[in-house]
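Each reported figure results from applying straightforward, stated rules to the coordinates on display, with no laboratory input. Keep in mind that this is a model prediction, so the values were computed, not measured. Here the Cβ positions follow ideal geometry from the backbone for every residue, glycine too, while neighbour counts run over all protein chains shown.
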Amino acid sequence: MILTDARILEEIEKETILIEPFRRDSLGSNSYDVHLGKYLAVYKDRILDARKHNEIEELVIPPEGLVLEPNTLYLGVTEEYTETHNHVPFLEGKSSIGRLGIHIHATAGKGDVGFCNTWTLEITVAQHVRVYSGMPIGQLIYFEVTGDVINPYHSKDSAKYTNRTLRPVESMMWKNQF
């Protein structure tokens with residue numbers, strides 16, 4: 001089941017959900033709007049290697065915005081730091097963002113119980129579009145889980161995205177054994 005606005009507020013009060021900064025006007029009837037942070041990144045190489053640490057180059061969105069170009073993967077980050085201890089968070093793009101041709105994730109829309117961080121966005125665009133730091137970019141939807149969680153994300157030895165950051169994080173696929 002998806003949590004309603006009232007239930008999200010209850011879970012925040014119980015500290016099973018944390019959103020920093022929390023803006024009451026970002027709370028929808030069954031979701032919470034997150035905002036684009038000021039940092040973006042692009043990979044330095046045009047050919048990426050899943051077994052290699054692919055380095056990124058950081059971009060800062062200026063006050064006048066930044067034009068994103070098609071055929072480029074931008075890594076973005078949410079302004080919001082979140083913790084989700086008893087629910088599964090899903091991040092989806094807002095319909096207004098989709099109507100501008102902006103996709104905010106390639107595959108990583110689901111968080112795990114125990115995910116504690118900002119959200120790295122995998123941004124692509126259908127055509128040139130100007131984006132701004134602080135603009136609403138997506139919405140978090142929280143699902144209930146049934147049963148006890150034995151291995152929350154932030155406690156897993158194999159968790160690769162646990163260091164708190166205000167910047168986008170590149171792929172850590174190279175840390176896997178394959």
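The count of lysine pairs in region 5-156 that are at least 8 places apart or cross chains, and whose C-alpha atoms lie under 25 Å apart, stands at 9. Between 134, 123, 36, the Cα set farthest toward the positive side of the dipole of region 1-156 (charges on each charged residue's Cβ, about the Cα centre) is that of 123. When DSSP beta bridges are restricted to pairs lying wholly in the chain, around 100% turn out antiparallel.
Grab the eigenvalues of the alpha-carbon gyration tensor for region 5-156, scale each by 5, take roots, and send me the semi-axes largest first in whole angstrom.
Over the Cα atoms of region 5-156, the semi-axes work out to 28, 19, 13 Å.
Toward the positive end of the charge dipole of the chain, with +1 on the Cβ of Lys and Arg and -1 on the Cβ of Asp and Glu, the farthest Cα among 100, 21, 165 is that of 100. In a simple Cβ point-charge model (Lys, Arg +1; Asp, Glu -1; nothing else charged), the chain has a dipole of about 460 debye relative to its Cα centre.
Take every pair of alpha-carbon atoms less than 8 Å apart whose residues are at least six positions apart; their mean separation over the length of the chain yields a relative contact order of 30 percent.
Under the 0.36 nm per residue contour assumption, what length would be gained going from the current alpha-carbon distance of residue 12 and residue 72 to full extension?
Full extension of this stretch gives 17.9 nm more.
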